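The structure appears below as structure tokens.
The values are calculated or read from the model by the stated rules, or taken from the named source; none is laboratory data. Fair warning: this is a prediction, and the values are worked out from it, not measured in the lab. With ideal geometry, Cβ positions are generated from the backbone for all residues, glycine too; neighbour counts draw on all protein chains shown.
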Amino acid sequence: MWTKINHCPLCHSSKIKPYKKGNLIQRGLTPEKIKITDADYGKIWDLSRCQVCGYVFANPFPGESLLASLYIQVEDPEYEAEAEGRRRNFRRLLHQIEKFVPQKGSLFDVGAATGLLLIEARQRGWKVAGIEPSRWAVKIAAEKYGLHLHLGSFEDYRHDENQYDVVTLVDILEHTPDPKKIMVKARELLKPGGIIVIVTPNIESLAARLAGCRWWHFRPGHLGYFNRRSLKTLLNLTSFQVLSWKKYSWNFSFNYLLKRLSVLSWLTKVPKLASLWPRIQIKLALGDSFEVYARKQEVI
Ligand SMILES: [Zn+2]
């Protein structure tokens, strides 16, 4: 179920070294610990680092079938409670996407959660589809938004090739032991010249350096961490041409932030204030995730 490797999962170099000693045990990987809103920060697996491309990855790592058996059970009501802030994030992403694909064709979202990106895209005139491994999230998407997502892991998704103008991977690549496989699959799904959108944490960002071992992206669900070089390597290996690199900024409610700042979390329990915090939306430009737009290139 857990595999240890002696080469880099991206560039296949054997020049890998231990990077950080983990503070998690394998049975600590539970559905509760891999949900999107998990706030158990500063938790890592034993990490290795590739000396050639700079990719940092869990080693040993859990296999695809173990991950699928956990993700199908994930329930995350707090994710939906933050729907408004998340929808704002996705409207901003779509605005960027439409600079590269002004005619608004078809868009596929990988790891679509409850479908918030897709309902925003649908409202703007996109033809949408997506896949999500959590049974709970797929049910919410159908019941609340009338959106029918494929249930399952993207790795196992059977599909026709060259179908979509855009494939989005928002906070996906860090959750998989084999990001290259995800990218190859996304590439197959895209039409010639189609656009891929990647949002993933940057392990060399200022926020990551300042937070050190307490960085909020060090959590049980995250199995790989990119810097600019390793993400560029992945894009090159899978034949994508970068169109734009950005820093991802977040919208969420003040309430969500308070719950994550342990020193201030008592504020969420003050009755008169409790109804106020969820309504206050803030935008945080932490700059600790990459936001990359790239075009599928034909392999000559
Ligand atoms: Zn490498």
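Filtering segment 38-50 down to residues that are aliphatic (A, V, I, L, M) and either within 11 Å of His222 (Cβ to Cβ) or within 16 Å of the ligand (Cβ to nearest atom) (or both), which residue is surrounded by the fewest Cβ atoms within 10 Å (Cβ to Cβ)? Looking at residues that are aliphatic (A, V, I, L, M) and either within 11 Å of His222 (Cβ to Cβ) or within 16 Å of the ligand (Cβ to nearest atom) (or both), I get Leu47. Pairs are defined by a Cβ separation below 9 Å, a sequence spacing of at least 6 or placement on different chains, a first member in segment 1-29 that is more than 18 Å from Glu174 (Cα to Cα) and among the charged types (D, E, K, R), and a second member that is within 16 Å of the ligand (Cβ to nearest atom) and in a loop (DSSP other than H, G, I, E, B); the pairs so defined are Lys15/His7; Lys15/Cys8; Lys15/Gln51; Lys15/Val52; Lys17/Gln51. Screening segment 9-37 for residues that are within 25 Å of Thr233 (Cα to Cα) and not in a loop (DSSP other than H, G, I, E, B) and picking the one that is farthest from the ligand (Cβ to nearest atom) gives Lys20.
The residue of segment 51-62 that is surrounded by the fewest Cβ atoms within 10 Å (Cβ to Cβ), among those that are within 20 Å of the chain's Cα centre (by Cα) and assigned to a loop (DSSP other than H, G, I, E, B), is Gly54.
Considering segment 59-82, the residues that are of a type outside the set (Val, Ile, Thr) and in contact with a helix residue (DSSP H, G or I) (Cβ under 6 Å, 6 or more places away or on another chain) include one that is modelled with the lowest pLDDT, namely Glu82.
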